[in-house]
Amino acid sequence: AEVLEPVAVSPADAAAAQRFRLDSSQSKFIARAQRGGLLWFKGHDHLVAAREFGGEAQLNADSLAASSLQLTVMTASMTETSDAFTEQQKQIINGELRDIVLEPAKYPEIVFKSRSVTGKAAGANQYDLKITGDLTLHGVTRPIVIPAKVSLTGNDLRAVGEFSIDRSDFKVKATSAFHGMVRVRNKVKFTFDIVGHRV
């Protein structure tokens with residue numbers, strides 16, 4: 001496989017980066033927790049969407065290593081969206097997400113901050129990037145790598161991709177056996193389709 005090395009960035013290159021403010025109203029950020037549930041949730045994947053998030057992306061087409069991403073998700077905005085569940089079931093799931101799994105009162109934000117970006121052009125105004133950074137979830141910070149396909153159209157940036165984490169790395173519970181409504185496997189996959197507007 002091709003190794004993509006970061007390159008040295010001059011002040012002139014850094015100044016050329018275009019800044020984009022992320023727009024959650026036009027974006028999707030979903031955690032897919034694969035099935036492993038009990039009672040009526042058995043046999044269905046959880047699709048937990050972030051309704052409120054913000055941040056900023058910087059893209060430097062001439063020096064991709066000068067690019068960056070910062071993303072902040074409001075933990076309380078994470079809600080079950082799968083059509084497999086009734087509204088009553090979603091209320092129960094969301095209650096357990098809030099009270100047992102994500103605990104937004106203690107950990108109000110999920111934060112990703114990039115440390116380095118590598119990649120290559122994949123066509124006109126299109127880029128295949130690997131964004132390395134730190135994810136803080138449930139009070140625990142771990143390094144992760146996020147692959148993303150990024151495209152520019154006018155004043156808008158669009159980033160699409162997916163990545164996985166191990167729930168246990170972030171000390172996230174799958175709820176207690178007593179409740180048992182949100183029972184998920186250890187690996188949780190995040191998919192995103194994020195839009196940003198030039199600032």
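The values are calculated or read from the model by the stated rules, or taken from the named source; none is laboratory data. Remember, it's a predicted structure, so these values are computed and weren't measured experimentally. We place every Cβ from the backbone using ideal geometry, glycine too, and count neighbours over all the protein chains shown. Only protein heavy atoms, including side chains, enter the accessible area calculation; ligands, DNA and RNA are left aside. Shrake-Rupley method; radii C 1.70, N 1.55, O 1.52, S 1.80 Å.
Where does each of 60-73, 154-167 land if you order them by average Cβ count within 10 Å, highest first? Kindly include the intermediate steps, with their values, before the conclusion.
Numbers: 60-73: 19.4, 154-167: 16.0.
Per-residue Cβ counts within 10 Å, averaged per peptide and sorted highest first, yield 60-73, 154-167.
Carbon-plus-sulfur accessible fraction, region 70-156 (probe radius 1.4 Å, protein heavy atoms only): 49%. With a Förster radius of 45 Å applied to the C-beta separation of Asp62 and Lys171, the computed FRET efficiency comes to 0.65. In a fully extended conformation the segment linking Lys113 and Asn155 would gain 12.8 nm over its present Cα-Cα distance, using 0.36 nm per residue. For Phe20, the accessible area of its heavy atoms, probed at 1.4 Å with every protein chain present, is near 0 square angstrom.
Ignoring ligands, DNA and RNA, what accessible area per residue does region 74-199 give at 1.4 Å, in Å²? Walk me through the numbers before you get to the answer.
Values: 6570 Å² over 126 residues.
On a per-residue basis, region 74-199 sits at 52 Å².
Scanning residues 5 or more positions from Met78 or on other chains, those with amide H under 5 Å from its amide H are Arg51, with H placed 1.01 Å from N in the peptide plane.
Which pairs in the list Lys120/Lys189; Lys28/Lys187; Lys106/Lys149; Lys106/Lys189 are over 30 Å apart, alpha-carbon to alpha-carbon? Over 30 Å apart, Cα to Cα: Lys106/Lys149. A simple rule links phi to the HN-Hα coupling: the Karplus curve 6.51 cos²θ - 1.76 cosθ + 1.60 with θ = phi - 60°, which for region 139-155 gives x, 10, 10, 9, x, 9, 10, 10, x, 8, 9, 10, 9, 10, 9, x, 9 Hz, with x for Gly and Pro.
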